[in-house]
Amino acid sequence: MTHGLTGYDAFVLDCSDGVHPPLPQTFGRLGPRNPLSGIAPNGKPFDDKLVQEAFSAALDEMRDDGDPEGDVAAGMTFFGQFIDHDITLDAQSAIGTRIDPRAIRNVRTPGLDLDCVYGDGHEASPYLYHPEHKGYLLFGTAENPYDLARNSHGTAIIGDFRNDENQIVSQLQGAFVCMHNILMTALQKDESLVPDALAGIRSEALASGVEGSEMPFEAARRILRLHYHWIILNDFLPAFVDGDVLKKVLHAFDHGTLPKPYTAHAPIMPIEFSGAAYRFGHATVQNAYELNGSSGKVKLFDMRRREFHSRPTELNVEFHRLFNVPGEASAQAARPIGRKLASTIFALPFIDGPLTIGGNELSLEDSRKLPHRNVFRDRVTLELPSGQQMARMMHVPEIAAPEELRAHGITKTPLWYYCLHEAEAHGGKLGPVGGTIVATTLVRLMALDPESILCSTHDFKPWKALGAGEDGSFSLGHMLACVETNRDKVAHRDDLLTGTPAVAAAPELEDA
């Protein structure tokens, strides 16, 4: 990384090569703005109030007390959340207030660079790292060695505070931190591994301001990022995107083109992705999860009772219960993507104020409903293209609005809801509209990153030392098994814990 630049600035600089445009750290549109239009059942033109009433009635049917199981491990829902927190953060727009996506700053770097783990490196984000053991990330507390590092108030010391929202994503964040420290331990024991780790990286990326002592850190970060990219391409996307859709997306990239409606000048972070299609994960959440052998079933928002605070050891996750770990029994499963939401996530208990849509205040009960918030964000705040409009732009068959919407006069399906509806005809996986948006956005982030797995100058294969199978197979489950096996063997393990006197107190000054 160029000395003195943030991770984002360096990313922009690297990509400004006359071929790829600079990456604005804002959102943008793939399709046209789609303001409210049409006639409501009462014969009047739809306005904010009539749309709010129509959707409030239609979306209540999404609540589901059951727990249908798809063919994807339950923990992959939360890996999707982890990816989202690595690439997007909208801290500006408010549901019910119209805003141009181009005016919304994306607080996260628009790249799959694990800045939620590394921040901007040990110089710009020193609070994430041990002050004496150079390149090692802080991890664990004196009370719980498998918790995230925390300050005296219990706040997690991580690159993105949202990765402490619930126990599962918190422990996933911890797994990536541990994996980095495992790599640091291996690379410092055997420095001959460093050149292999850096193979394919542009020489100028290391020639500017990187000292020899920093090479193990740079190598560890690169190895982890490449394995992260591999997991997204070969584990995450196939889990949630229809196989034929994903094949078409990858075929386009292989032949130097972009799937419709993407162009070379399309936004790097489309609001159709972050505001609609990628929110498919809400539909995959189960009502409750078994975290370990003694936890019993724990509801998602019961995990949030200690959000942004220290986690008890009794809720530590045994990863094989939530992810497909080689040699272990089948994990719990996520819900297939569809138009139903688990009742435990349908209403958000932590929302403490009503929404106002076009000057009309919703009840607190409706304001807490997740589908209502998603749809009002879509139709009022962001004015996204409908699912049918996106299908026409992609030249794929469109599906009509479902009966529960048409019964209330709604014939243009909000994009988030359309993606869920479309998935029902594709085995609970994202179809031509939702799958194309999700897969193209993520793959394009790699295609624009000269140090990604797609742009590396060597043929990357996952490392057996990190859990890859003899046949080359590798998944998030493989990586998590490696973490559980090796996290207690990390060099300086006890020193990396917070809540212990790792650094001696400074001597008191004598009076002059």
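Can you run down the residue pairs with Cβ atoms below 9 Å, 6 or more apart or on separate chains, where the first is in segment 152-165 and part of a helix (DSSP H, G or I) and the partner is of a type in the set (Phe, Trp, Tyr) and surrounded by 19 or more Cβ atoms within 10 Å (Cβ to Cβ)?
163/82
Checking residue 392 against (1) without any contact (Cβ under 8 Å) to a residue 24 or more places away in the chain; (2) outside any loop (DSSP other than H, G, I, E, B); (3) buried (at least 19 other Cβ atoms within 10 Å of the Cβ): exactly one of these is not met. Which one?
Looking at each condition in turn, residue 392 falls short on (3).
If you check every pair at least six apart or on different chains, which have Cβ atoms under 9 Å apart with a residue in segment 92-116 that is more than 17 Å from residue 158 (Cβ to Cβ) first and a residue that is in a loop (DSSP other than H, G, I, E, B) and of a type in the set (Lys, Arg) second?
Partner pairs satisfying both residue conditions: 100/29; 100/33; 101/29; 102/29.
Just to be sure, is residue 465 outside any loop (DSSP other than H, G, I, E, B), surrounded by fewer than 20 Cβ atoms within 10 Å (Cβ to Cβ) and either touching a residue at least 60 places away in the same chain (Cβ under 8 Å) or charged (D, E, K, R) (or both)?
Yes.
Given the residues 285, 241, 325, which is the only one that is closer than 18 Å to residue 433 by Cβ, out of contact with any Cys (no Cβ under 7 Å at 6 or more places or on another chain) and surrounded by 16 or more Cβ atoms within 10 Å (Cβ to Cβ)? I'd like the intermediate steps shown before the answer.
Numbers: 285 fails: closer than 18 Å to residue 433 by Cβ; 325 fails: closer than 18 Å to residue 433 by Cβ.
Of the residues listed, the single one that is closer than 18 Å to residue 433 by Cβ, out of contact with any Cys (no Cβ under 7 Å at 6 or more places or on another chain) and surrounded by 16 or more Cβ atoms within 10 Å (Cβ to Cβ) is 241.
Looking at the structure I just gave you, is residue 404 part of a helix (DSSP H, G or I) and under 27 Å from the mean Cα position of the chain (by Cα)?
Criteria not met by residue 404.
Do you know which residues across segment 318-357 are in a helix (DSSP H, G or I) and closer than 19 Å to residue 170 by Cβ?
Once the filter is applied, which keeps residues that are in a helix (DSSP H, G or I) and closer than 19 Å to residue 170 by Cβ, segment 318-357 yields 319, 320, 321, 344, 345.
Among the listed residues 201, 182, which satisfies the condition of being modelled with pLDDT of 65 or more and under 18 Å from residue 114 (Cβ atoms)?
Working: 201 fails: modelled with pLDDT of 65 or more.
182 is the lone residue from the list that is modelled with pLDDT of 65 or more and under 18 Å from residue 114 (Cβ atoms).
Give 415, 480, 442 a once-over and let me know the one that is closer than 29 Å to residue 225 by Cβ and buried (at least 24 other Cβ atoms within 10 Å of the Cβ).
So the residue among 415, 480, 442 that is closer than 29 Å to residue 225 by Cβ and buried (at least 24 other Cβ atoms within 10 Å of the Cβ) is 480.
For segment 358-387, give me each residue that is polar (S, T, N, Q), in a helix (DSSP H, G or I) and surrounded by fewer than 18 Cβ atoms within 10 Å (Cβ to Cβ).
Within segment 358-387, no residue meets the criteria.
Conditions (1) over 30 Å from residue 177 (Cβ atoms); (2) free of Cβ contacts under 8 Å to residues at least 12 places away in the same chain; (3) buried (at least 17 other Cβ atoms within 10 Å of the Cβ), marked per residue:
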{"position": "35", "(1), (2), (3)": "yes, no, no"}
{"position": "44", "(1), (2), (3)": "yes, yes, no"}
{"position": "49", "(1), (2), (3)": "yes, no, no"}
{"position": "56", "(1), (2), (3)": "yes, no, yes"}
{"position": "59", "(1), (2), (3)": "yes, no, yes"}
{"position": "67", "(1), (2), (3)": "yes, no, no"}
{"position": "72", "(1), (2), (3)": "no, no, yes"}
{"position": "77", "(1), (2), (3)": "no, no, yes"}
{"position": "86", "(1), (2), (3)": "no, no, yes"}
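Are any of the residues in segment 450-464 under 23 Å from residue 78 (Cα atoms), aliphatic (A, V, I, L, M) and in contact with a Pro (Cβ under 7 Å, 6 or more places away or on another chain)?
no
Scan segment 90-105 for residues that are within 19 Å of the chain's Cα centre (by Cα), closer than 22 Å to residue 353 by Cβ and either of a type in the set (D, E, K, R) or surrounded by fewer than 18 Cβ atoms within 10 Å (Cβ to Cβ) (or both) and jot them down.
Residues satisfying the conditions are 90, 91, 92.
The values are calculated or read from the model by the stated rules, or taken from the named source; none is laboratory data. Just so it is clear, the structure is predicted and the values come from calculations on it, not from any experiment. We place every Cβ from the backbone using ideal geometry, glycine too, and count neighbours over all the protein chains shown.
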